[in-house]
Each structure stands twice: as C-alpha cells, then as structure tokens.
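Report on the following structure.
Just so it is clear, none of the values below were taken in a lab; they were calculated from the coordinates. Note that the structure is predicted; figures quoted are calculated from it, not measured. Cβ atoms come from the backbone with ideal geometry, glycine included; neighbour counts cover every protein chain shown.
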Amino acid sequence: MHWYLDVLKKYAVFSGRARRQEYWMYMLFNYIAIIVAVVLDVVLGTLPVITAIYVFAVLLPSLGVTIRRLHDTGRTGWWILFGIVPLAGPITLLVFDCLEGDRSENAYGPAPKSGYAAA
C-alpha cells in the first residue's frame, strides 16, 4: 500500500525515475480502487460519477509514474503519447513498462534500485 501512497505524494512529479515495482504496485492498487468505485457506483445507482471523480483525481499521479517509469528505461516521457496509436501504442508502452530499468545513472537521474551500482 505504501507504493500507492508514495506515488500520490509525488502528485505531479514528472522528473526522475520509477522502478518496476513502484509502477506495478501503484497500478495494482489503482485498478483495485477503480473496481471498488465501479461497484459503489452500481450499488448507489450513480454510475459513473464516483468512478469518474476517482479517475480524474489520479490522472496526474498515473501520468507521472508512467513517465518516471519510461525515464527508468532511458526513454523520454514523450513516449507516453505513443499510447494513442491504436493497438501498437499500448502494447509498446506495456513492453517498455515491463523492461528492466537502466542499472546505472542515465539522463533522468540515478538508478532508483538500491542494488544498482553506478557506472
């Protein structure tokens, strides 16, 4: 749960790097929260009000952690725009998000993983 809260604390931080674990744990808790919001919307009959409020509330943190994840793999954050290309864009971003980050310092900062040695 602290991974989710750490990303929310960096609400609109687009610089630096995010390791795979930070990204995927945030996404896991984010999707769980979306499911809970949808269930609440259905039970209360307010679909999609609660879900929309939640999604808009976490839009900037989600973009920030995705951009920091791209930075960890040595790519510019502008790659996130490739996600709008039908089929190929989301698949490419998924592959980038699954790749291991640079083990040494890159143009976006030092390696966030403690076991990495600086080269």
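Annotations
- For the range 97-107, putting each phi into the Karplus relation 6.51 cos²θ - 1.76 cosθ + 1.60 with θ = phi - 60° gives couplings of 5, 8, 5, 5, x, 4, 6, 10, 4, 10, 5 Hz, in residue order, rounded to whole numbers and with x for Gly and Pro.
- Phi-based couplings in Hz for the range 80-88 (Karplus 6.51, -1.76, 1.60; Gly and Pro marked x): 4, 5, 5, x, 7, 6, x, 6, 5
- Residue of 69, 17, 103 that the Gaussian network model of the chain assigns the largest fluctuation, springs spanning Cα pairs under 10 Å: 103
- Fully extended contour minus Cα-Cα distance, from residue 5 to residue 81, at 0.36 nm per residue: 24.8 nm
- Residue 60/residue 103 FRET efficiency (R0 22 Å; Cβ-Cβ; nearest 0.05): 0.15
- Maximal additional length on extending the residue 15-residue 53 stretch stands at 11.1 nm, based on 0.36 nm per residue less the C-alpha distance.
- Remark: the range 39-56, residue by residue, has Karplus-estimated 3J(HN,Hα) of 4, 4, 4, 5, 5, 7, x, 10, 3, x, 4, 5, 4, 5, 4, 5, 4, 5 Hz, where x stands for each Gly or Pro and the curve is 6.51 cos²θ - 1.76 cosθ + 1.60 at θ = phi - 60°.
- Candidates 88, 37, 12, ranked by Gaussian network fluctuation over the chain, Cα under 10 Å, top entry: 88
- With all pairs of different C-alpha atoms in the average, the Kirkwood value for the hydrodynamic radius of the range 2-98 is 14.1 Å.
- Spatial separation of Cα centroids for the range 30-49 and the range 64-79, in angstrom: 29
- Sequence-separation-based contact order of the chain, relative, with Cα cut under 8 Å and 6+ spacing, percent: 29
- For the chain, calculated [θ]222 nm from helices alone, where every DSSP H run of n ≥ 4 adds -39500 (n - 2.57): -18000 deg cm²/dmol
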